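Structure, as structure tokens:
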Amino acid sequence: MLPEELYKRKHFGTPESLILIVVNYVVVAFAIELFAMCTKINWMFWVSLGLLALYNVYTIRRNREEYGKNNIIGYIVSLAGLILMFVLFRMKAQPC
């Protein structure tokens, strides 16, 4: 049978830092596709990035105790990935 300790383990859910990283990637991917795929970047792209930055500040301040050294490094690496994603998407920009 299964050990008794298996049922006593606590699950704390998905960490807020992982949710923040996933939200960043989804919002930036949609913003690039909707507002930045022409040769000229639409002003709504910058507005969406600004609102995303405000959301990031709010979420990090709300969950400050969760962000240790490892989570901060992961967050910074994910921001570098967002820049790389922007460059890769913009390589296919079309004149509109």
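A few remarks follow.
- Within the range 28-57, residues that are in contact (Cβ under 8 Å) with a residue 12 or more places away in the chain and within 14 Å of PHE86 (Cβ to Cβ) sit with their Cβ atoms under 9 Å from residues that are part of a helix (DSSP H, G or I) and basic (Lys, Arg), at 6+ positions apart or across chains, in these pairs: ILE32/ARG90; ALA36/ARG90; MET37/ARG90.
- Failed criterion for CYS96 (all others in (1) out of contact with any strand residue (DSSP E or B) (no Cβ under 7 Å at 6 or more places or on another chain); (2) at pLDDT below 90 hold): (1)
The values are calculated or read from the model by the stated rules, or taken from the named source; none is laboratory data. Note that the structure is predicted; figures quoted are calculated from it, not measured. In this analysis, Cβ positions are derived from the backbone assuming ideal geometry, glycine residues included, and neighbour counts consider all displayed protein chains.
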